[in-house]
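The numbers here are math on the coordinates, done by the rules we state, and not lab data. The structure displayed is predicted, hence computed values, not measured ones. With ideal geometry, Cβ positions are generated from the backbone for all residues, glycine too; neighbour counts draw on all protein chains shown.
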Amino acid sequence: MGSIKTNFCNFFSREEDSYILGLWCADSYWWSSSIGLSNVDPALIAKFKDFLLKFFSEDRIKFNRNHIFVNSRPFLREFREARNNLIKLEKDNLINAYFAGRFDGDGSIDKNFRNDCRIVYGNKNEAEIDKSLLLRIGISNTKIYYYKTAKTFCLYISRYQAREFLEKIYNYSIKLQKLVFIPRRDLVFSKGEKT
């Protein structure tokens, strides 16, 4: 059972695949013919492993410290092609799932769940594409900042739309379900809540 299935990912039609694409785009862990995830969160590593197991046998999947990866040029090619065509994400649920992956991989927010809602990027082009994808799901109050010393770009979502964004990605986000939505009345988002 060492062979892979011929039918690869459905990044633009399945929520789970859209999430994985976002998670991988946040990480962009690849080299020559290998693709994987590098993360210190065991839950994210486990999620990526479950995804890989749909296509590869367990003996093909390698784990080294906080890195999980598989050697497969066709698989890597598919991920890279999807990253280059992110603008093809059209349905709200797929965009929400994609942003949950991005947020889980490289996002953060202040403990009040309003301030400093951001996602970090290695290049401006990806941040610009994601800014346009946010517009498709009604998140329009955003800005991109460049941090010269860190050589990174940050896509900030305004505190006036941060909760709306979090509500959209919550059902898909491992990070939010684990850390944010603990059973405290002041942290539970309700529809129509004024922020």
| request: Step through the table entries LYS49/LYS91; LYS54/LYS168; LYS47/LYS178, compare each Cα-Cα distance with 24 Å, and write down the pairs that go over it. | output: LYS49/LYS91; LYS54/LYS168
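Given +1 on the Cβ of Lys and Arg, -1 on the Cβ of Asp and Glu, and no further charges, what dipole in debye does the range 84-157 carry about its Cα centre, rounded to the nearest 20?
Numbers: 12 positive and 9 negative charges, 40 e Å.
It works out to roughly 200 debye.
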| remark: dims of the range 61-108, Cα set, principal axes, largest to smallest, nearest Å -> 34, 28, 14
| query | Using Cα pairs under 8 angstrom and six or more residues apart, how large is the relative contact order of the chain, in percent? | reply | 21 percent
| message | If you filter the range 82-151 for trypsin sites (Lys or Arg not before Pro), then keep DSSP loop positions with at most 10 other Cβ within 10 Å, what is left? | response | LYS111, LYS148, LYS151
| said: Compute the distance from the alpha-carbon center of the range 16-34 to that of the range 71-87, in whole Å. | reply: 8 Å
| said: Which of the three applies to the range 58-173, rounded, prolate or oblate, going by the alpha-carbon gyration tensor with a ≥ b ≥ c and a/c under 1.5 meaning rounded? | reply: prolate
| field | Rounded tilt (10° steps) of 42-52 against the dominant C-alpha axis of the chain | value | 50 degrees
| Pairs of Cα atoms farther than 17 Å apart, the range 16-81, % | 30 percent
| note | Measuring from its Cα centre, the chain shows a charge dipole (+1 at each Lys and Arg Cβ, -1 at each Asp and Glu Cβ) which, in debye to the nearest 20, is 300 debye
| field | the range 1-104, relative contact order [Cα under 8 Å, separation at least 6], % | value | 43 percent
| What is the Cα coordinate range of the chain on the first, second and third principal axes, sorted by size from largest, in whole angstrom? | 54, 36, 34
| query | For helix 92-106, what angle does its Cα long axis make with the longest principal axis of the chain, in degrees from 0 to 90 and rounded to 10? | reply | 80 degrees
| said: So if a site counts as exposed when it's one of the GluC sites (Glu not before Pro), its DSSP state isn't H, G, I, E or B, and it has at most 11 other Cβ atoms within 10 Å, what's the longest stretch of the chain without one? | reply: 91-192
| note | Under the rule rounded for a/c under 1.5, else prolate if a/b exceeds b/c, else oblate, using alpha carbon gyration tensor axes a ≥ b ≥ c, the range 9-51 is classed as oblate
